[in-house]
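Chemist: Below is a structure I'd like to ask you about.
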Amino acid sequence: MAKKENKFKGDDISTQAVHTGVGYDAETGAVRRPLHMANSYKLPDDLSKVNYSSTDLLMYARNGNPNQHWLEEKVAALHGADDAIVLGSGVAALHALFWTLLKTGDRVVYPKVSYMAVYRLFHELFNQKFGVETVMVNMTDLEAVKKAITPGTRLVHVETPDNLTDGISDIAAIAKIAHENGAVLSVDNTFASPLNQHPLELGADFVVESLTKYINGHGDAQGGAIISNDLTTMDRIRYEAQVNVGSVISPFNAWQIFRGAVTFPLRMERINASTQKIAEWLEQRQNVTFVSYPGLPSNPGHELAKKQMKHGYGGVISFGIAADDKAVERFCAALKVVTFAVSLGHDESLIFPQPSYDERINLYPEKFRKGFIRFSIGLENPDDIIGDLDQALKAIGL
């Protein structure tokens, strides 16, 4: 596909969120993009030049759909990028990128602390099924990163802030190390969002976003995106992973996320401010054993986050309470404003405990191994959230 056109490049991200990918409906004149639920599209009369594995021509749902293409324009604009590919989920985007870039014998360096699906893909599937060498490293430790990224490394994958501990990795420094060794760098930007951080500007080659989270923001649609300026590789991803593996997004989910993305910058500004306030309160609350949030000076990555996160530090707080696993569960269940559920980036605040028996618990820093909770802040009044946290802690005797 060609480079995405952005008529609003140079305008504020809130203006781009409203206007990119938008156009009048040719049939009705409607100012909202219609939802196209078709599986098949009319073919040209001359089929001699049709490539049935191409995404350039609308022909079949697996090759792409109009709602997907419009959303791709918007996501590329939010990142200031030449191209974006939108797929069925954030994990589909991760898999598509890794599947396309890697082959047997390649070496991958990825974080010790990472999203569970990344851990599964590398720790189990890619090495066991395809003979890819996968190496875990503490990405917040540049000396450890330098030792791990050797000539012959094909891919370096980073999350920053990371899932689950909110650690901060130096994108620019890691990009330099990766490129010096002939590797490419991918960055999962989901915790930060494109309002707060633009990894491509810091040297990343590819960015992954779970659109399910902040960009959709309503907890009702699933999608993922790969963002890059490398148009040749992006077309390979479309061919190998979208068309021939089938990880395409549904038109309805693309339509919903397109709608949600319009208010993304405004929602993210509110979430940034609320999360900072709540993190500061938690840090002062008795029986809270630790608080990890990039906006706090106590976070080891705070100074780095100030440099590479433009407008805020995101909406996820990792914290601990002086309680065992069952007491942590009772705390989460006692909450009334905050919802006891997985995921993040929704309009409602979500909380989920990380139990001490998790198979990866020993990969986390010591303080994260007991009473550890991941907390995603939503759009509720932050004082109401603080009041809810306080009453739930008191309900379990803390």
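The values are calculated or read from the model by the stated rules, or taken from the named source; none is laboratory data. All figures in this text were calculated on a predicted structure; none of them were measured in a lab. All Cβ positions, glycine included, derive from the backbone under ideal geometry; neighbour counts span all protein chains shown. What goes into the accessible areas is simple: the full protein's heavy atoms, side chains included, and nothing from ligands, DNA or RNA. Shrake-Rupley method; radii C 1.70, N 1.55, O 1.52, S 1.80 Å.
Yes/no matrix, rows are residues, columns are (1) under 19 Å from the mean Cα position of the chain (by Cα); (2) within 17 Å of SER250 (Cβ to Cβ):
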site: TYR41; (1), (2): no, yes
site: LEU57; (1), (2): no, no
site: TYR60; (1), (2): no, yes
site: LEU78; (1), (2): yes, no
site: VAL91; (1), (2): yes, yes
site: MET116; (1), (2): yes, no
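Chemist: Enumerate the pairs (first residue in the range 271-288 and modelled with pLDDT of 95 or more; second residue anywhere and among the small types (Gly, Ala, Ser) and not in a helix (DSSP H, G or I)) with beta-carbon separation below 6 Å, excluding pairs fewer than 6 apart on the same chain, so at least 6 apart or on different chains.
Modeler: Hits for this filter: ILE271/GLY315; ASN272/GLY312; THR275/GLY315; GLN276/GLY295; ASN287/ALA322.
Chemist: Okay, next question. For residues in the range 256-299 being under 22 Å from the mean Cα position of the chain (by Cα) and open to solvent by 60 Å² or more (accessible area, probe 1.4 Å), which is farthest from ASN138 (Cα to Cα)?
Modeler: Ranking the candidates gives ARG259 first.
Chemist: For the range 63-77, which positions are closer than 18 Å to ALA38 by Cα and open to solvent by less than 10 Å² (accessible area, probe 1.4 Å)?
Modeler: ASN63, GLY64, ASN65, ASN67, GLN68, LEU71
Chemist: Right, GLY320: under 23 Å from the mean Cα position of the chain (by Cα), open to solvent by less than 40 Å² (accessible area, probe 1.4 Å) and at pLDDT 95 or above or not?
Modeler: no
Chemist: Among the residues of the range 327-352, write down those that are more than 17 Å from ILE385 (Cβ to Cβ) and either crowded, with 18+ Cβ neighbours inside 10 Å or of a type in the set (Lys, Arg) (or both).
Modeler: VAL328, ARG330 - these are the residues of the range 327-352 that are more than 17 Å from ILE385 (Cβ to Cβ) and either crowded, with 18+ Cβ neighbours inside 10 Å or of a type in the set (Lys, Arg) (or both).
Chemist: Checking LYS326 against (1) within 21 Å of LYS394 (Cα to Cα); (2) in a helix (DSSP H, G or I); (3) touching a residue at least 12 places away in the same chain (Cβ under 8 Å): exactly one of these is not met. Which one?
Modeler: Only one criterion is unmet by LYS326, namely (3).
Chemist: If you don't mind, there's one more thing I want to ask. In this structure, does ARG374 turn out to be among the basic types (Lys, Arg), modelled with pLDDT of 95 or more and either crowded, with 21+ Cβ neighbours inside 10 Å or in contact with a Phe, Trp or Tyr (Cβ under 6 Å, 6 or more places away or on another chain) (or both)?
Modeler: yes
Chemist: For the range 330-370, enumerate the residues that are of a type in the set (Ser, Thr, Tyr) and closer than 25 Å to ASN216 by Cβ.
Modeler: THR339, SER343, SER349
Chemist: All but one of (1) outside any loop (DSSP other than H, G, I, E, B); (2) small (Gly, Ala, Ser); (3) without any contact (Cβ under 8 Å) to a residue 40 or more places away in the chain hold for SER186; state the number of the condition that does not hold.
Modeler: Exception for SER186: condition (3).
Chemist: So, one more: Those residues that are over 30 Å from GLN222 (Cα atoms) and in a helix (DSSP H, G or I), I need them from the range 250-305; list them, please.
Modeler: GLU280, TRP281, LEU282, GLU283, GLN284, HIS302, GLU303, LEU304
Chemist: For the range 1-52, name all the residues that are open to solvent by 50 Å² or more (accessible area, probe 1.4 Å), hydroxyl-bearing (Ser, Thr, Tyr) and in a loop (DSSP other than H, G, I, E, B).
Modeler: Correct list: TYR24, THR28, SER48, TYR52.
Chemist: Taking the range 158-183 as the region of interest, how many residues are in a strand (DSSP E or B) and touching a helix residue (DSSP H, G or I) at 6+ places or on another chain (Cβ under 7 Å)?
Modeler: Number of matching residues: 1.
Chemist: Another question about this same structure. Look through the range 78-118, keep the residues that are part of a helix (DSSP H, G or I) and touching a Pro at 6+ places or on another chain (Cβ under 9 Å), and return whichever of them is surrounded by the most Cβ atoms within 10 Å (Cβ to Cβ).
Modeler: LEU78
Chemist: Return yes when SER247 is in contact with a strand residue (DSSP E or B) (Cβ under 7 Å, 6 or more places away or on another chain) and at pLDDT below 95 and no when it is not.
Modeler: Here the answer is yes, as SER247 does meet what is asked.
Chemist: Filtering the range 189-214 down to residues that are touching a Pro at 6+ places or on another chain (Cβ under 8 Å), of a type in the set (A, V, I, L, M) and not in a loop (DSSP other than H, G, I, E, B), which residue is surrounded by the fewest Cβ atoms within 10 Å (Cβ to Cβ)?
Modeler: Top of the filtered list is LEU195.
Chemist: So PRO151 passes all but one of these: (1) in contact with a strand residue (DSSP E or B) (Cβ under 7 Å, 6 or more places away or on another chain); (2) open to solvent by 60 Å² or more (accessible area, probe 1.4 Å). Which condition number does it fail?
Modeler: Exception for PRO151: condition (1).
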